[in-house]
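The values are calculated or read from the model by the stated rules, or taken from the named source; none is laboratory data. What you see is a predicted model; the values in this text were computed from it and never measured. As a convention, Cβ positions derive from the backbone with ideal geometry for all residues, glycine included, and neighbour counts pool all protein chains shown. Note: accessible area is taken over every heavy atom of the protein model, side chains too, but ligands, DNA and RNA are not part of it. Shrake-Rupley method; radii C 1.70, N 1.55, O 1.52, S 1.80 Å.
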Amino acid sequence: AKTYASDARLLKRYLEREATELRPWSPPPKGYRDLQRLLLRRARLIQSRTQIDQSLRGLTELGPSRRALIRHIDQIDRLILKRIRGVLRSQQWSPDARRLQAMEGIGELTAAGLIMAFHRGAFRSSDAFIAFLGLDVQVRESGTMRGRRKLTKKGPAELRRLLYMAAMAAKRSATWSAFYQRHRDRGLSTIQALVALARKLARVAFALLKNGTEYQPRLSGGGCPAT
């Protein structure tokens with residue numbers, strides 16, 4: 001369908017050099033689409049809940065109506081969570097969800113998001129999984145700016161948010177507090193250290209899902225800080 005000779009030559013050269021590495025594209029499973037839709041709907045619901053609560057909190061005459069509305073939103077939130085559990089059961093992913101929730105900081109929603117991402121494609125390694133989540137780091141250089149490191153953020157934003165919140169909880173645990181502190185001692189900011197921990201949690205989750213193993217926390221402080 002290409003009409004430009006230069007584009008046709010580029011495609012031909014690409015296929016000649018990369019054909020053996022290419023894999024046929026396969027659509028995501030139904031469970032992936034269902035979880036993705038539910039997690040995104042819930043994220044918007046909670047965002048709206050926060051905005052409504054903050055906007056109306058100062059109007060005392062609307063207090064009863066505001067509280068009733070918040071209760072109704074919370075009821076919808078519970079229904080969405082029930083639907084998420086139903087998807088996990090129907091896809092026989094509930095054992096994986098329980099396995100992930102054994103990790104410090106990983107709750108129901110984060111576990112569902114990680115399972116959703118894991119079943120999107122056949123990831124060859126944890127590096128590929130991290131890249132899919134958009135938690136991989138790239139170096140940007142422009143003009144006088146040298147060696148600036150930033151996340152690619154090319155994956156599901158809601159799952160990155162959930163992993164960041166999981167890292168905030170995990171850093172207070174005996175298992176991950178030393179990991180977090182090592183990164184702070186290296187000069188990383190609080191946000192950078194939490195992102196590093198979120199990335200580590202995602203790597204551990206990938207290993208559990210890929211190998212079908214149970215989570216075994218390591219309480220020693222001498223582990224490798226690599227993420």
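Quick notes
- Value of [θ]222 nm, deg cm²/dmol, for the chain, DSSP H segments ≥ 4, -39500 (n - 2.57) each, nearest 500: -20500 deg cm²/dmol
- Placing +1 on the Cβ of every Lys and Arg and -1 on the Cβ of every Asp and Glu, with nothing else charged, gives the range 57-126 a dipole about its Cα centre of roughly 180 debye.
- Rounded tilt (10° steps) of 108-118 against the dominant C-alpha axis of the chain: 10
- Compared with the dominant Cα axis of the chain, that is its longest principal axis, helix 157-170 is turned about 60°.
- Ranking PRO95, ALA5, PRO29 by Cα position along the charge dipole of the chain, where only Lys, Arg, Asp and Glu carry charges on their C-beta atoms, puts ALA5 farthest toward the positive end.
- Within the shell of other residues whose beta carbon sits under 13 angstrom from the beta carbon of LEU56, the net charge comes to +2, with Lys and Arg scored +1 and Asp and Glu -1.
- Per-peptide average of other Cβ atoms within 10 Å, ordering 191-204, 65-78, 14-27, 123-136 highest first: 191-204, 123-136, 65-78, 14-27
- Added length on full extension, which subtracts the Cα-Cα distance from 0.36 nm per residue, GLN181 to LYS82: 32.0 nm
- Degrees separating the helix 190-211 axis from the principal Cα axis of the chain, which is the longest one: 70
- Shown are TYR164, TYR215, whose ranking by accessible area with a 1.4 Å probe and every protein chain present, most to least, is TYR164, TYR215.
- Separation of the ALA68 and MET168 label points, Cα + 7 Å toward Cβ, nm: 3.2
- For the chain, with all protein chains in place and a probe radius of 1.4 Å, 52% of the accessible heavy-atom surface sits on carbon or sulfur.
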